[in-house]
Amino acid sequence: MTQSEISNKELSPEQREVLLKTLKARFEKNMDRHQGLEWANVQAKLEAHTEKLWSLHEMERTGGEPDVVGHDHKTDEYIFYDCSAESPKGRRSVCYDHEALESRKQHKPENSAIHMATDMGIELLTEEQYRELQKLGNFDLKTSSWVKTPDSIRKLGGAIFCDRRYDTVFVYHNGAESYYGARGFRGSLRV
């Protein structure tokens, strides 16, 4: 991606076409994630909100494999989550947020989950959303993912993450400044 594409946050027509084909193929392959929804309606919404395509492209580029997981009838928005089997490879080895990153005196990670998500135009999954995702398949069997941490926990220096082991979703805590090669984050986007 060139610097002008990053600052403009726009995809070329070719990039748009490739992304839409990828999203359509994933949508059709995983109909159990979005029963009752039709790709034509999703594509029409995406084409009406092309600024969201850049965020979906970033989700795809970093290994998230975004897919539609629902439709909010009140707002008429389609909801995308990262549906990669494991925490997205291009978003691992990051601490929780910028404050945590700045607090590290040495061996700082390159980025933080909150900062990356903000730059991508997406939100970290909440614990509730993470549990919803896990009802659609088995995710993070070998990795873990930071999730949006309640302010009360974050103010005390902690952050929470989730994974799936023993056919159960677990929620854990760590210092927000910690980072691991097997921990990334999953995001959501409304279009």
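The values are calculated or read from the model by the stated rules, or taken from the named source; none is laboratory data. The structure displayed is predicted, hence computed values, not measured ones. Glycine gets a Cβ as well: all are built from the backbone with ideal geometry, and neighbour counts include every protein chain shown. For accessibility, only protein heavy atoms count, side chains too; no ligands or nucleic acids. Shrake-Rupley method; radii C 1.70, N 1.55, O 1.52, S 1.80 Å.
Determine, yes or no, whether Tyr130 is open to solvent by 20 Å² or more (accessible area, probe 1.4 Å) and of a type outside the set (Lys, Arg). Spell out the reasoning first.
Numbers: open to solvent by 20 Å² or more (accessible area, probe 1.4 Å): no; of a type outside the set (Lys, Arg): yes.
Spelling it out, it is not the case that Tyr130 is open to solvent by 20 Å² or more (accessible area, probe 1.4 Å) and of a type outside the set (Lys, Arg).
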Just checking, does segment 7-19 include any residue being in contact (Cβ under 8 Å) with a residue 60 or more places away in the chain, surrounded by 14 or more Cβ atoms within 10 Å (Cβ to Cβ) and not aromatic (Phe, Trp, Tyr)?
yes
Just checking, which of Ala44, Ala85 is exposed (fewer than 14 other Cβ atoms within 10 Å of the Cβ), modelled with pLDDT of 95 or more and not in a loop (DSSP other than H, G, I, E, B)?
Ala44
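Can you confirm whether Gly90 is closer than 18 Å to Phe161 by Cβ, small (Gly, Ala, Ser), touching a helix residue (DSSP H, G or I) at 6+ places or on another chain (Cβ under 8 Å) and open to solvent by 10 Å² or more (accessible area, probe 1.4 Å)?
yes
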Test set (1) at pLDDT 95 or above; (2) over 29 Å from Leu53 (Cα atoms); (3) not β-branched (Val, Ile, Thr) - Cys95 fails condition number
(2)
Unmet criterion (only one of (1) farther than 27 Å from Ser144 by Cα; (2) touching a residue at least 60 places away in the same chain (Cβ under 8 Å); (3) aliphatic (A, V, I, L, M)) for Val69:
(1)
Close pairs from segment 31-42: first under 13 Å from Leu20 (Cα atoms), partner part of a helix (DSSP H, G or I), Cβ under 9 Å, at least 6 apart:
Trp39/Leu23; Trp39/Lys24; Trp39/Phe27; Trp39/Glu28; Val42/Leu23; Val42/Lys24; Val42/Phe27
Could you tell me whether Lys135 is touching a residue at least 12 places away in the same chain (Cβ under 8 Å), charged (D, E, K, R) and farther than 19 Å from Ser55 by Cβ?
no
Give me a count of the residues in segment 89-126 that are over 13 Å from the mean Cα position of the chain (by Cα) and either touching a residue at least 12 places away in the same chain (Cβ under 8 Å) or part of a loop (DSSP other than H, G, I, E, B) (or both).
19
Within segment 150-167, can you find the residues that are in a strand (DSSP E or B) and open to solvent by less than 60 Å² (accessible area, probe 1.4 Å)?
Gly158, Ala159, Ile160, Phe161, Cys162, Asp163, Arg164
Within segment 55-71, is there a residue that is in a helix (DSSP H, G or I) and either basic (Lys, Arg) or open to solvent by 40 Å² or more (accessible area, probe 1.4 Å) (or both)?
yes
